[in-house]
Amino acid sequence: MTRRIADLLKNGQPDESVKVQGWVRTKRELKEFTFVEVNDGSSLANLQVVLNQDLPDYAIILKQLNTGASLEVEGVLVSSPAKGQRIELKASAVKVYGEADPETYPLQKKRHSFEFLREIGHLRSRTNSFGAVFRVRNACATAIHQFFQERGFIWVHSPIITASDCEGAGEMFAVTSLNLKDVPRTEKQEIDYSKDFFGRPAYLTVSGQLEAEVMAMAFSNVYTFGPTFRAENSNTSRHLAEFWMVEPEMAFCDLEGDMDLAEEFLKYIFKYVLDNCPEDMEFFNQRIDNSVLATAENIINNQFERLTYTDAIALLEKADKQFEYPVSWGLDLQSEHERYLAEELFKKPVIVTDYPAKIKAFYMRLNDDEKTVRAMDILAPKIGEIIGGSQREERLEMLQQRIESMGINATDLWWYLDLRRFGTVPHAGFGLGFERLVQFMTGMGNIRDVIPFPRAPLSVEF
Ligand code: 4AD
Ligand code: MG
């Protein structure tokens, strides 16, 4: 049976007969034998395969085994005399599946820039950096499910196609089966959506929250974890048009409980990744950002700072720093403000609560001051906002007033309002931007480099 290289490097014993399959990273020819570094994606480290010149078809195989070629090797493990590796594989049979022409295969031994690698998105996962990123991404996802499953949360699958704009920001991609070259019109020359697939306008979801609230009113504690979409035309290193979000929703929970869960959650994921991906994390610390291990320890061992928006504004006004965007009560915090608080002032994640109602979504619970809502954002050093959440408005009349004052059409939200009519309870939840988490974890500077196939303005090729 084929063994994974990660398993062999950890558990393989001298004299064991094994078979491995993978891709050539490098080849080093010596007089009587050749070293081939083979990687199968299971670990950062390669398996060193030794091909002796007495191997059948040695010369032919050697010519075929260039960087990028795929192969299968059978042989015996031997203790390795080389530094930094315990064992190597002495080949007795090699099968080359597919060659890779060294003249045209774009991934050669030298270091490539992330910009260049984005242009070969179909091959970049074969590099050390992207291998490490996507293994850590996988570990983060596993940790997320494990965290919630251990606590009895039900994973619910919120729809990708929706008719409601949860965040009310109008940044939605339309979903239609109408012929765009010949759109049906009403008498008033408006688009006739009654002829469209769903008989009304439909969109890609910006958040699974509204549906998560529905499910929390039956299962108490739930979470969603899936792709969400935003058509914001922001070409930044923190925004994607398609990103994954984790959205827990808890019935019988207030903002304090929401913040406690979010903090415990982030600590859990960091600990899980440190425990399960030590080599990859070491690699990021050495090659990408030499603070990621210290940051992870800091997250795990220190309490997050908690303060209100009003206090945050006061601190920003006092800051000995020139900001590009204005700071004043009522204005939203910009990324530079968020980063100042988390990175420079407190040097750890900061939870800002009770934002002005005017700048937050309609579903957030109004405070008694009637000016602020029970919102919380978690701001991370280098990233800025990584989590956005709130206690929800569970009082029917208050919610109706909020919807009306924000000019939102309440008729479409009849089912959401029903949750307040039938067995309403205080409840709260949050959304974690999954790619921002992976960025924070790995120190990767650009969000397009922590998702295998980034979707951003003008970027949809792979
Ligand atoms: O703050 P947001 O907009 O909150 C919601 O969508 C709520 N419905 C969540 C909830 O309470 N259930 O988005 C949540 C998080 C942000 O904090 C950010 O990390 C991430 O989603 N995010 C993005 N990540 C990548 N690209 C984008 N364009 C993002 N927009 C938001
Ligand atoms: Mg937000």
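Filter segment 181-193 down to the residues that are open to solvent by 50 Å² or more (accessible area, probe 1.4 Å) and assigned to a loop (DSSP other than H, G, I, E, B), then identify the one that is farthest from ligand 1 (Cβ to nearest atom). Among those that are open to solvent by 50 Å² or more (accessible area, probe 1.4 Å) and assigned to a loop (DSSP other than H, G, I, E, B), it is 187.
Of a type outside the set (S, T, N, Q) and within 25 Å of residue 371 (Cα to Cα): does that describe residue 345? Reasoning before the result, please.
On the way: of a type outside the set (S, T, N, Q): yes; within 25 Å of residue 371 (Cα to Cα): no.
No; evaluated as a whole, the condition is false for this residue.
Could you tell me how many of the residues in segment 194-213 are assigned to a loop (DSSP other than H, G, I, E, B) and either under 16 Å from residue 420 (Cβ atoms) or aromatic (Phe, Trp, Tyr) (or both)? Show your work before the answer.
Keep residues of segment 194-213 that are assigned to a loop (DSSP other than H, G, I, E, B), which gives 196-201, 205-208.
This time we only want the ones that are either under 16 Å from residue 420 (Cβ atoms) or aromatic (Phe, Trp, Tyr) (or both), so: 197-198.
Going through segment 194-213 one residue at a time, the tally reaches 2.
Please work out if residue 216 is over 24 Å from the mean Cα position of the chain (by Cα) and either closer than 22 Å to residue 419 by Cβ or within 16 Å of ligand 1 (Cβ to nearest atom) (or both).
Working: over 24 Å from the mean Cα position of the chain (by Cα): no; either closer than 22 Å to residue 419 by Cβ or within 16 Å of ligand 1 (Cβ to nearest atom) (or both): yes.
It is false that residue 216 is over 24 Å from the mean Cα position of the chain (by Cα) and either closer than 22 Å to residue 419 by Cβ or within 16 Å of ligand 1 (Cβ to nearest atom) (or both).
Report the residue count in segment 19-34 for those that are surrounded by 20 or more Cβ atoms within 10 Å (Cβ to Cβ) and either over 14 Å from residue 96 (Cα atoms) or of a type in the set (S, T, N, Q) (or both).
Pass one, segment 19-34, residues surrounded by 20 or more Cβ atoms within 10 Å (Cβ to Cβ): 20, 22-24, 34.
Still in the list and also either over 14 Å from residue 96 (Cα atoms) or of a type in the set (S, T, N, Q) (or both): 34.
Residues that pass the stated criteria total 1.
Could you say whether any residue in segment 146-155 is within 16 Å of ligand 2 (Cβ to nearest atom) and assigned to a loop (DSSP other than H, G, I, E, B)? No, segment 146-155 contains no residue that is within 16 Å of ligand 2 (Cβ to nearest atom) and assigned to a loop (DSSP other than H, G, I, E, B).
Exactly one residue out of 392, 402, 339 is open to solvent by less than 50 Å² (accessible area, probe 1.4 Å), within 16 Å of ligand 1 (Cβ to nearest atom) and touching a Gly at 6+ places or on another chain (Cβ under 8 Å), and it is 392.
The residue that is most open to solvent (accessible area, probe 1.4 Å), among those in segment 121-158 that are under 14 Å from the mean Cα position of the chain (by Cα) and among the aromatic types (Phe, Trp, Tyr), is 134.
Residues in segment 423-452 that are away from ligand 2 (no atom under 16 Å from the Cβ), among the hydrophobic types (A, V, I, L, M, F, W, C) and either within 30 Å of residue 297 (Cα to Cα) or free of Cβ contacts under 8 Å to residues at least 40 places away in the same chain (or both): 5 in all. The number of residues in segment 360-389 being open to solvent by 10 Å² or more (accessible area, probe 1.4 Å) and at positive phi comes to 2.
Residue 37 satisfies every condition listed in (1) among the acidic types (Asp, Glu); (2) in contact with a helix residue (DSSP H, G or I) (Cβ under 6 Å, 6 or more places away or on another chain); (3) crowded, with 17+ Cβ neighbours inside 10 Å except (2). In segment 365-395, the qualifying residues are those that are away from ligand 2 (no atom under 11 Å from the Cβ) and among the hydrophobic types (A, V, I, L, M, F, W, C), and the one that is modelled with the lowest pLDDT is 383. Taking segment 5-53 and the strands (runs of 3 or more DSSP E) fully enclosed by it, the elements with 1 or more residues that are basic (Lys, Arg) are at 17-29.
Okay, residues lined up against (1) among the aromatic types (Phe, Trp, Tyr); (2) farther than 30 Å from residue 37 by Cβ:
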| position | (1), (2) |
| --- | --- |
| 131 | no, no |
| 144 | no, yes |
| 155 | yes, yes |
| 169 | no, yes |
| 178 | no, yes |
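For beta carbons closer than 6 Å, sequence separation of 6+ or different chains, a first residue in segment 155-172 that is closer than 20 Å to residue 144 by Cα and a second that is part of a loop (DSSP other than H, G, I, E, B) and away from ligand 1 (no atom under 12 Å from the Cβ), there are no qualifying pairs. Select, from 47, 62, the only residue that is within 25 Å of residue 129 (Cβ to Cβ), open to solvent by less than 40 Å² (accessible area, probe 1.4 Å), free of Cβ contacts under 8 Å to residues at least 60 places away in the same chain and not basic (Lys, Arg). After applying the criteria, what remains is 47.
Screening 178, 204 for residues that are over 31 Å from the mean Cα position of the chain (by Cα) and surrounded by 13 or more Cβ atoms within 10 Å (Cβ to Cβ) leaves exactly one candidate, 178.
The values are calculated or read from the model by the stated rules, or taken from the named source; none is laboratory data. Because the structure is predicted, anything quoted here is derived from the model rather than measured. Cβ atoms come from the backbone with ideal geometry, glycine included; neighbour counts cover every protein chain shown. These accessible areas exclude ligands, DNA and RNA; they are computed on the full protein's heavy atoms, side chains included. Shrake-Rupley method; radii C 1.70, N 1.55, O 1.52, S 1.80 Å.
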